[in-house]
Amino acid sequence: MNLLSIYNLSRPYFALAFSWRFIAVTLLLLVAAGWYSLTQYSGFNWLNLNLASLPLPVYALWLLAIILSALFAWGCSPVERKLIKAISLANQDLRRSDAEQGLQQANSALFLLPSATIKLGSLQAAFYKSQGEWVKAYNTLQELQALPLLPKERTVLELDLMRLFYASGNFKATQQALTRLQKGRLSQAQQSLYYLTQAELYLIENKFQAAKDLVEQHYAEPNLPANTQVALLHTLGVIDTHLQNYESVIAAYRQAWEILKQQKNSFGQAEITIDNLALTYAKQGELNKLQPFVQQLDALATPNNTDHQLALHNIKINLARQLNDRQALEQAYAQAEENLLPQLEGEQRFFYTVMGLRMHFNDGVDFEKALQATQVAMLNKPAINTLNYLRVIKEISGILNQALERIGPRPDIMTFYSWLLFEFKRLEPALDRLQDEIPPSLPSPKAELISLKVDSLKHEMILLHAQPSKALFEKIFELLEEKKKLWQGIHNPVAHLHELMIILDEYCAYKKALPNTQFEADFKQLAIASLEEAEVLLNDNQANLAYSDKLIGLAYACYQLNTKKEQAKHWLATYDQSKQSTNHLAAWLRQQYQETKAWVGV
């Protein structure tokens, strides 16, 4: 190690020692050291200084000041510790409203000790991430990293950033963060997060056995907290799913469930466990086995907690839908309207109403009533940020477009639809500003904004009642190509493949809808090139179940383009070899599966 390396390693510690956070204790210790040096140096004997020359109260105050300064630099007050614990437990127990209230209380405090500022800031960033406010989460962590940090605090923020990069799909930045963390000292909880993230990256790289060995080795360590054991079991379940060991998958999730039943404040992980079990049973065509677990989850939920009741409602709806149990489906909707809806207020009620319209439409349950409630909610919406408003408009307009295609032009729906499109157009200038605010290390939110720009072009086409031009389609596909390029070079082939499929889907949809053949002549080569690029991506990844649904979509694209029939047949065969039922797939994807199988002659 050379002098420059030593300097770079020690620079953060020198900066910390002489920062505002440590200035009092640093000065007091320097004065103490200086006073002692003066008393020991013979050249200053004429001053008649000695350690006993100051009265005892001065030394007592000196010592007290050093202790209080050290507590200020390192510790949290009892009130702050209680607040941090309450927010952490609320997050763990899926009580988002309670967590938000705790964070609001922290933000309104007149003064927080440095350690509390950093811990609460970390919790705030996690909350932003859970709400889809990626930029706020990233900026919060960046601001915290600019503060004078203890080594353990810097490690916590590095882990938070690593998980943010992973959640946003930037696996290259995630791996780089893991490499940096490997050199530091990690607590047991931090090691667990490190190993879980590394295992997840192994899955992306098709290193299934390496991921399994890593997780099992860590799971065997003594004294792991219950929530860590459950997280490891969840990851083991995902790994065994890729290895097609479905009995081991179910065993892992059931073991996690048995642990959670003994814990308090564990509803968040319990809900994830049930979701994982539901998906596994659905893939095996055994979803009816899930019902006892849903009943036990109901017992774990707090009756008057709306976050818990919303999660339960969604699980019951999905279970009834996949079991094709019409009576249970209608009963779940009726119970929600009678028991859940009266408890919801403000933003929570608004989002439940407007985001639930799609479920009512797809399930054919009280769509007219849900449509009226959505119209009222949109006219009386609470104060929400621009991005969330755009997301809501996109969601509702998409459903109304499907409704108009299914039931034909209806004046009330067309009026509401047009109003939504004009609202979207009014907010369009904000898209560029929002996109400029996103750092390049967060590709997922940037991709979402590009998708909104594509929607804006489609809305323009509808509002003008004009025949779409080649220039308009060029702009749409240019934006889709830009979105695809976000994922190149950051080690995320799944997202890259997803964007290629969107290009293919858009081409096939317009090819079918437009009455002339000019569109096909102009853009078929782009579709063929996208299909070939997807084929290259899939060459080494067909065994990875993250791609299994996409195998069906790509085979269907071959059918629509009337090309690569043998390749499509091979992709469908690969899906069939994964031993998965098609019950867990969306209805439209099941239809594509059947149509493509008929085309390839299987």
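Assorted remarks:
- If you check Glu153, Glu143 for being more than 24 Å from Leu94 (Cα to Cα) and either modelled with pLDDT of 95 or more or surrounded by fewer than 18 Cβ atoms within 10 Å (Cβ to Cβ) (or both), only one passes: Glu143.
- Selection status of Ala320, touching a helix residue (DSSP H, G or I) at 6+ places or on another chain (Cβ under 7 Å), touching a residue at least 24 places away in the same chain (Cβ under 8 Å), crowded, with 19+ Cβ neighbours inside 10 Å and part of a helix (DSSP H, G or I): no
- Hits in segment 512-537 (condition: closer than 22 Å to Gln594 by Cβ and crowded, with 19+ Cβ neighbours inside 10 Å): Leu531, Ala534
- Of all residues making up segment 363-377, the number that are touching a residue at least 40 places away in the same chain (Cβ under 8 Å) and either open to solvent by 40 Å² or more (accessible area, probe 1.4 Å) or under 18 Å from Phe424 (Cβ atoms) (or both): 1
- Complete set of residues in segment 425-448 that are assigned to a helix (DSSP H, G or I) and open to solvent by 60 Å² or more (accessible area, probe 1.4 Å): Lys425, Arg426, Pro429, Asp432, Arg433, Asp436, Glu437
- Cβ-Cβ distances below 9 Å connect the following pairs, each with a first residue in segment 581-602 that is in contact (Cβ under 8 Å) with a residue 60 or more places away in the chain, a second residue that is surrounded by fewer than 13 Cβ atoms within 10 Å (Cβ to Cβ), and a separation of six or more residues or different chains: Ser581/Gly285; Asn583/Gly285.
- Taking segment 232-265 as the range and being buried (at least 21 other Cβ atoms within 10 Å of the Cβ) and either among the small types (Gly, Ala, Ser) or not in a helix (DSSP H, G or I) (or both) as the test, the residues that pass are Gly237, Ala252, Ala256.
- Filter pass, Thr386 being of a type in the set (S, T, N, Q), at pLDDT 95 or above and over 22 Å from Val294 (Cα atoms): no
- Criterion: open to solvent by 50 Å² or more (accessible area, probe 1.4 Å), out of contact with any Pro (no Cβ under 9 Å at 6 or more places or on another chain) and either within 24 Å of Glu437 (Cα to Cα) or among the aromatic types (Phe, Trp, Tyr) (or both) - qualifying residue of Phe127, Phe111: Phe111
- Evaluating Leu290 against the criteria (1) closer than 25 Å to Thr582 by Cα; (2) in a helix (DSSP H, G or I); (3) open to solvent by 10 Å² or more (accessible area, probe 1.4 Å) leaves one unmet condition, (3).
- Any hit, segment 408-424, residues being open to solvent by 60 Å² or more (accessible area, probe 1.4 Å), modelled with pLDDT under 90 and either within 18 Å of Asn362 (Cα to Cα) or assigned to a helix (DSSP H, G or I) (or both): no
- Tally of residues being open to solvent by 30 Å² or more (accessible area, probe 1.4 Å) and touching an Asp or Glu at 6+ places or on another chain (Cβ under 9 Å) across segment 389-407: 2
The values are calculated or read from the model by the stated rules, or taken from the named source; none is laboratory data. Bear in mind that the values here come from a model prediction, so they are computed numbers and not experimental data. As a convention, Cβ positions derive from the backbone with ideal geometry for all residues, glycine included, and neighbour counts pool all protein chains shown. For the accessible areas, the whole protein counts, side chains as well, though only heavy atoms, and no ligand, DNA or RNA atoms are used. Shrake-Rupley method; radii C 1.70, N 1.55, O 1.52, S 1.80 Å.
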